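The values are calculated or read from the model by the stated rules, or taken from the named source; none is laboratory data. Nothing here was measured: the structure is a model prediction, and the numbers come from that model. Heads up, the Cβs are rebuilt from the backbone with ideal geometry, glycines too, and the neighbour counts pull from every protein chain shown.
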Amino acid sequence: MSTILCSHALFEDLKFGASVTAPQDSQEEYRRISKHYELAVDRLRSARSTQFAYWVILLCGLALACLLAYSVVIALWREEPVVTRYVGLLALLCLCIAAAYLAIKNRRKIVELDLEARNLGHDRQSAATRIPSDSLESLRLYREASKDIVAGFRTRAARNLRTHNSVQAIIIIGSIAASTTTAAMAGAHPLSWVSTVLTAVVSITAGLAAYFKFRERGYNLQSTADEIEKQYNAIQFRLYDYSNFEDNQEAERLRLFAEHVERLREEQRKRELQLEQSPGQADER
């Protein structure tokens, strides 16, 4: 009888241990596949950037080759052939051929990397489905993933703010340069078109800044990132809304944290949609 009871207890322990370790194994598998997926996406992004560089080199080389070919034709017409023009034209044509070859060869690599990233993305989704959505591990994973959300928002905010500062610098410098050149080249000056070009550049830049609203986008992203980080620090040190939970209520605290983060992300999406709308559409809503 005691042997039967011990066997039954051992079976229960093994079953309980399997139920505990299974989510952990699913978590480890999800992390491993996610790592390979991120590396594949990074390789795909690098290959696409390289492909873009190849096409830029090819287009610039073709443009220069056309200009150099035109100069060669003009030189022959004027009976002024120059050897360096032929050499330069031949070098540019070789450059264009090499860039076209590399672009075609790199395209096959992009297809392979894209297929690899898609397969790993499917594997990651399959691994995510094996993680219990209401488990403590998944809630902890979401809490740690919120740091990546904060980093992404801050990266986008910094990019928008840098763009805003650059645009404002162009507007300020261009306005001063345009007014100065207008005053210095008063009358029928042969270079009076410089002030016209500067004025046009300033007007176009100001219009783009007013349309895209880089400063507002950067401010909203930075504010959302700060709020999510505030919630992360609050749940770590049990501050504000998380101070009334006991030690055995970690799941409830993490669910409340996820609720706050999702609310902040939803508010950020709404602000982005409002910035995409024109003033007339915003008033109608």
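Going through region 101-127 one residue at a time, which ones are more than 18 Å from R48 (Cα to Cα) and of a type in the set (K, R)?
Residue satisfying the conditions is R124 alone.
Based on what the data block shows, is F257 more than 17 Å from Y142 (Cα to Cα), among the aromatic types (F, W, Y) and surrounded by 12 or more Cβ atoms within 10 Å (Cβ to Cβ)?
no
Quick check, is L275 in contact (Cβ under 8 Å) with a residue 12 or more places away in the chain and buried (at least 16 other Cβ atoms within 10 Å of the Cβ)?
So L275 does not fit the description; no.
Return yes when S133 is at pLDDT 75 or above and out of contact with any Leu (no Cβ under 8 Å at 6 or more places or on another chain) and no when it is not.
Numbers: at pLDDT 75 or above: no; out of contact with any Leu (no Cβ under 8 Å at 6 or more places or on another chain): yes.
So S133 fails the test.
If we keep just the residues of region 141-155 that are crowded, with 17+ Cβ neighbours inside 10 Å and basic (K, R), which is farthest from E29 (Cα to Cα)?
Once the filter is applied, the top-ranked residue is R154.
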